[in-house]
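Asker: Handing you this structure, nothing more for now.
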Amino acid sequence: MATTTGVNSDLAKERNNSTFDVEELSNFIYRGPEKVKRRRYLHNLATKDPFFRKFKPWAFQTREEQYEICLQKHLYINKKCKELNLTEPVDKFFYTEAAAPHENSPIGLHTVMFIPTIEKQGTEEQKKRWLPLAESLKMIGTYAQTEMGHGTFIRGLETTATYDPRTREFILNSPTITSMKYWPGNLGKTTNHCLVMAQLYTQGKNCGIHMFMVQIRDLETHMPLAGIEVGDIGPKFGYGTNDNGFLRLSNVRIPRENMLMRYSKVLEDGTYVKPPNAKIAYGSMVLVRAAIVTDAARALAQACVISIRYSAVRRQTEVSPGGEEAQIIDYQTQQYRLFPLLATSYAMYFAGRFMYDFYLKTTAEIEGGNLDSMPQLHAISAGLKAFSSWMCSAGVETCRLCCGGHGYSHASGLPKIYIDVVPGCTYEGENNVMMLQVARFLMKMYGKLQNGEALPTFMQYMSTDLNKKSCMTEEVALNCLVMAYEHRAARMIRDAAASMEKLVQSGKSPVEAWNGSTVMLTWAAIAHCHAFVTKLFVETVVKSRMDSKVQSALTSLCKLYAVHGIVENLGGFIQDQFFDSKQVKILQKKLMQLLAEIRPNAVAFVDAFDYPDEVLQSCLGRYDGQVYQALYDYAKSSPMNEKEVLDSYYKYIKPAQNGKYQQYSKL
Ligand SMILES: CCCCCCCC/C=C\CCCCCCCCCCCCCCCC(=O)SCCNC(=O)CCNC(=O)[C@H](O)C(C)(C)COP(=O)(O)OP(=O)(O)OC[C@H]1O[C@@H](n2cnc3c(N)ncnc32)[C@H](O)[C@@H]1OP(=O)(O)O
Ligand SMILES: Cc1cc2nc3c(=O)[nH]c(=O)nc-3n(C[C@H](O)[C@H](O)[C@H](O)COP(=O)(O)OP(=O)(O)OC[C@H]3O[C@@H](n4cnc5c(N)ncnc54)[C@H](O)[C@@H]3O)c2cc1C
């Protein structure tokens, strides 16, 4: 019988049975005890602040309330960050994730893209002019790039900015319905400015897409300015807290100084000055792609906390007649669905950590004038963004399904996590398109390999001998696993290149050959990302200093990640007989062994993520495991239960019971 107070006894047992100290693992995940302490301090500041607790739960709010409440929370977060002098992005991130978990900010784009774009693409003078206004929220802005007709193909954007040398102004126009800006976050009702991506025309020539600062609303009345039509695009799959918007521009004049001119310029007479690399204007997208990796990992980690704790508490079905019902976590099928996701959440966390460091290092080089690493940064960020958002979105959904009926309720917290993470597959570059960008890079690398040119370190695996067979033995060594992933990726890259070559030889143009090979190219890009993430996970557990018990447990988890990925994608690993059937059996057996090995540590692994209940906002994922009382309290708090008999009973049910349907004929 489950108790209704204290920690659920099954969960308490799980915690006693783990083989390592949870605190040691938290220290490793968050890069040391001091950082764990700091993170807890920031979480506490938010979760203990009565301001955030005064609102009704998100799932009981109307769309308008979702927007309004979330806006209040984020403006308060903004104020508190200033008061508390939280200037580091990591500090703001931890404070915010606890203050408004999975509630997308109505001023989020202002922080995540508007300010960074000014910082990175603006001249010193522009930064001086706009940043203080943006910091004080006098200017609230967004990143308005996508149009109704074009999101992916940004060179095809239709919005125009035509330079008029007589007045030294740009004239902005949305010439067609499809050219209307559509989707930008916070655009509909919140922002008074936006950075508009538009085709620049000067001296009668099109110079490609560039960024322009456009004021769209009056700073006092907040009314749209002349020539501006702006509004909210309506309800979506999620993101109800966010006023994604539309914007139509009709002959809107802005001063020449409003074009972001750090790299490209239009001189007073209309002369155009090119940037050192046209893609430098895509920098803000790269920043957000890099951030999405950590964001996706966090979503899957939280979903794993909820579903694994719940699986330890939930009992269902007598295993032997008349016996005790088993904890559902003891069913091998439950373990097979959840533990690889647990492993994936760690893999993605480490990938996010890597991505963040790599982004900072490479952008520092770019800022210093060295653009050599831009293609690598683009390929890695596009690939990891797509791979992580795909894996984590699908993983969150599986976690939800693993919670049975209760997973379908907002009480589980899982639907909210899902609708927050899944747009990451679309925004900031649709995932298939991002994978094709990776493939483009891989094909270039393949060309270099053919020409005997040097490859960057992370691509050197491509020169592997594809006739070699796997070194896998019963031990299932980590290095053999990494080699398997690299072998598969190298072969798929070669096969995609061969497919293109064959099409060209058959008389197709290079573009046709590319289009005729995009499925194979995407396979190759995914295989490359899978190899990259696996290798990173292996290197993290093998090379990092950590407590030995933690290392041993984490090694099993890492092995599970790698073995499961092979077993689930077996075709790609045996296509060229890299593994023989004996080795396949070894891997399948190992997979089952690893599930059993991880079983005693499953709860400890999720506890180590150290998410307080206030952040999880889940009746099923509570630290104390008192899920049933929590579900009952949640149901009782539903506004549907405020009245014993609803008005609709008198209005509709009762008359129907009496055979009266007149009210419908009025419609
Ligand atoms: C362990 C845990 C620790 C925890 C620590 C926590 C710390 C965290 C701290 C901070 C984290 C903060 C987290 C915050 C979380 C926030 C996340 C979520 C925020 C959500 C906000 C939502 C925002 C959504 C906004 C948007 O969607 S904006 C719109 C985005 N749009 C797109 O992305 C469009 C996609 N399309 C394109 O990018 C391009 O059109 C294209 C597909 C790339 C093609 O471009 P184009 O046509 O110009 O290319 P081509 O002419 O064909 O040329 C291709 C060549 O160009 C090169 N290229 C392309 N792009 C780039 C680039 N960006 N950089 C460099 N080079 C580029 C390409 O490689 C080709 O080169 P070539 O040599 O082959 O020719
Ligand atoms: C929640 C949310 C927030 C957003 N916020 C912003 C924002 O703040 N600012 C902003 O500017 N935009 C924003 N967007 C827009 C977003 O960036 C775009 O939706 C995204 O870039 C995808 O473009 P699209 O919608 O045009 O998709 P499409 O390109 O029309 O994609 C449709 C399908 O076509 C396929 N496809 C397209 N091109 C190719 C190709 N070349 N090769 C193969 N397949 C292809 C895709 O894979 C996809 O399956 C947001 C979107 C969402 C959902």
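Asker: Convex hull over the Cα atoms of the stretch 139-275, averaged projected area in nm²?
Answerer: On the way: hull surface 33.6 nm².
Quarter of the Cα hull surface area: 8.4 nm².
Asker: So between Gln332 and Lys205, what do we pick up on full extension, going 0.36 nm a residue minus the alpha carbon distance? Please list the in-between numbers first.
Answerer: Numbers: separation 127, 0.36 × 127 = 45.72 nm, distance 6.50 nm.
Answer, rounded to one decimal: 39.2 nm.
Asker: Any idea what the relative contact order of the chain is, in percent, if you count C-alpha pairs under 8 Å spaced at least 6 apart?
Answerer: On the way: 1029 pairs, mean separation 104.5, N = 667.
That works out to 16 percent.
Asker: Could you list Tyr623, Tyr661, Tyr346 so that the one with the fewest beta carbons within 10 Å of its beta carbon is first and the one with the most is last? Let's see the in-between values first.
Answerer: Numbers: Tyr623 16, Tyr661 10, Tyr346 26.
By the 10 Å Cβ count, ascending: Tyr661, Tyr623, Tyr346.
Asker: From the square roots a ≥ b ≥ c of the eigenvalues of the alpha-carbon gyration tensor of the stretch 387-545, which class results: rounded (a/c under 1.5), prolate (a/b over b/c), or oblate? Walk me through the numbers before you get to the answer.
Answerer: Values: a/c = 2.50, a/b = 1.40, b/c = 1.78.
It comes out oblate by the Cα gyration axes.
Asker: Need one number: nm distance between label points at Lys543 and Asp633, each 7 Å from Cα along Cα→Cβ, rounded to one decimal.
Answerer: For Lys543 paired with Asp633, the spin-label model returns 4.6 nm.
Asker: Run lengths n ≥ 4 of DSSP H only: what is the helix-derived mean residue ellipticity at 222 nm for the chain, with -39500 (n - 2.57) per run over all residues, to the nearest 500?
Answerer: Details: 25 runs with 347 residues, N = 667.
Helix-only estimate at 222 nm: -16500 deg cm²/dmol.
Asker: I would also like to ask the following. If I stretch the segment between Tyr623 and Glu64 completely, what's the gain in nm (0.36 nm per residue apart, minus their alpha carbon distance), one decimal?
Answerer: Working: separation 559, 0.36 × 559 = 201.24 nm, distance 3.20 nm.
Gain in length upon complete extension: 198.0 nm.
Asker: Got the relative contact order for the stretch 139-275 handy, in percent, Cα pairs under 8 Å and 6 or more residues apart?
Answerer: Details: 344 pairs, mean separation 38.1, N = 137.
Contact order relative to length: 28 percent.
Asker: In the structure displayed, which of Lys48/Lys73; Lys361/Lys559; Lys189/Lys236 lie more than 18 Å apart, Cα to Cα?
Answerer: On the way: Lys48/Lys73 14 Å; Lys361/Lys559 30 Å; Lys189/Lys236 16 Å.
Correct reply: Lys361/Lys559.
Asker: What does the net charge come to around Glu325 if you take all other residues with beta carbon closer than 13 Å to its beta carbon, with K and R at +1 and D and E at -1? List each step's numbers first, then the result.
Answerer: Working: positive: Arg314, Arg315; negative: Asp10, Glu318, Glu324, Asp330.
Net charge in that neighbourhood comes out at -2.
Asker: Going Cα to Cα from Lys82, which aspartates and glutamates come in below 14 Å? Please leave out same-chain ones fewer than 8 positions away.
Answerer: Asp91, Glu135
Asker: Going by the alpha-carbon gyration tensor, a ≥ b ≥ c the square roots of its eigenvalues, is the chain rounded (a/c under 1.5) or, if a/c is not under 1.5, prolate (a/b greater than b/c) versus oblate?
Answerer: Working: a/c = 1.75, a/b = 1.12, b/c = 1.55.
Verdict is oblate for the chain.
Asker: Here is a follow-up. What ranking do 540-553, 303-316 get when scored by the average of other Cβ atoms within 10 Å per residue, highest first? Numbers along the way, then the final one.
Answerer: Values: 540-553: 15.7, 303-316: 25.9.
Order by mean packing, descending: 303-316, 540-553.
Asker: Moving on to the next point. About the Cα centre of the chain, what is the dipole size in debye to 20, counting +1 per Lys and Arg Cβ and -1 per Asp and Glu Cβ, all else neutral?
Answerer: Details: 76 positive and 67 negative charges, 107 e Å.
So the dipole magnitude of the chain works out to roughly 520 debye.
Asker: So if R0 is 45 Å, what FRET efficiency would Asn467 and Glu365 give, r being the distance between their Cβ atoms, rounded to the nearest 0.05? Walk me through the numbers before you get to the answer.
Answerer: Working: r = 38 Å, r/R0 = 0.85.
Calculated value: 0.75.
Asker: Assuming R0 = 60 Å, can you tell me the calculated FRET efficiency for the pair Asp49 and Lys502, based on Cβ-Cβ distance, to the nearest 0.05? Provide the component values of the computation, followed by the final result.
Answerer: On the way: r = 63 Å, r/R0 = 1.05.
Between Asp49 and Lys502 the formula returns 0.45.
Asker: Now for a separate question. Give a residue-ordered list of calculated ³J(HN,Hα) values for the stretch 64-81 (Karplus: 6.51 cos²θ - 1.76 cosθ + 1.60, θ = phi - 60°; whole Hz; x for Gly, Pro).
Answerer: 5, 5, 4, 5, 5, 5, 5, 4, 4, 4, 6, 5, 5, 4, 4, 5, 5, 4
Asker: While we're looking at this one, here's another question. Would the stretch 561-667 count as rounded, prolate or oblate if I go by the C-alpha gyration tensor, calling it rounded below 1.5 in a/c and otherwise prolate when a/b exceeds b/c, oblate otherwise?
Answerer: Details: a/c = 4.91, a/b = 2.11, b/c = 2.32.
Oblate, because a/c is 1.5 or more while a/b does not exceed b/c.
Asker: What list of ³J(HN,Hα) values in whole Hz, one per residue of the stretch 35-42 in order, does the Karplus curve 6.51 cos²θ - 1.76 cosθ + 1.60 (θ = phi - 60°) give from phi, with Gly and Pro shown as x?
Answerer: 6, 5, 4, 5, 4, 5, 4, 5
Asker: Which ³J(HN,Hα) values, rounded to whole Hz and listed in residue order, are derived for the stretch 425-435 from phi using the Karplus coefficients 6.51, -1.76 and 1.60 in 6.51 cos²θ - 1.76 cosθ + 1.60 with θ = phi - 60°, glycine and proline given as x?
Answerer: 6, 10, 6, 6, x, 4, 4, 5, 5, 5, 5
Asker: Still on this structure, please answer the following. Roughly how far apart, in whole Å, are the Cα centres of the stretch 172-204 and the stretch 494-520?
Answerer: Here the answer is 37 Å between Cα centres.
Asker: Separate question: Taking the Cα centroid of the stretch 601-667 and of the stretch 554-586, what is the distance between the two, rounded to the nearest whole Å?
Answerer: Centre-to-centre distance over Cα atoms comes out at 43 Å.
Asker: A further question on this structure: Do any trypsin sites (Lys or Arg not before Pro) in the stretch 323-379 lie in a DSSP loop with no more than 10 other beta carbon atoms within 10 Å, and if so, which?
Answerer: Numbers: sites: Arg337, Arg353, Lys361; in loops: none.
Answer in residue order: no site qualifies.
Asker: How much length, in nm to one decimal, is gained on full extension between Glu512 and Asp218, taken as 0.36 nm per residue of separation minus their Cα-Cα distance?
Answerer: Numbers: separation 294, 0.36 × 294 = 105.84 nm, distance 4.94 nm.
100.9 nm is the gain from fully extending Glu512 to Asp218.
Asker: Need the C-alpha centroid separation for the stretch 23-57 versus the stretch 345-415, integer Å.
Answerer: The distance from the Cα centre of the stretch 23-57 to that of the stretch 345-415 comes to 21 Å.
Asker: Taking the highest mean first, how do the peptides 101-108, 79-86 order by number of other beta carbon atoms within 10 angstrom per residue?
Answerer: Working: 101-108: 23.1, 79-86: 13.4.
Answer by packing, highest mean first, reads 101-108, 79-86.
A short reminder: the numbers here are calculations on the coordinates, not readings from a lab. Predicted, not measured: the structure shown is a model, and the values here were computed from it. In this analysis, Cβ positions are derived from the backbone assuming ideal geometry, glycine residues included, and neighbour counts consider all displayed protein chains.
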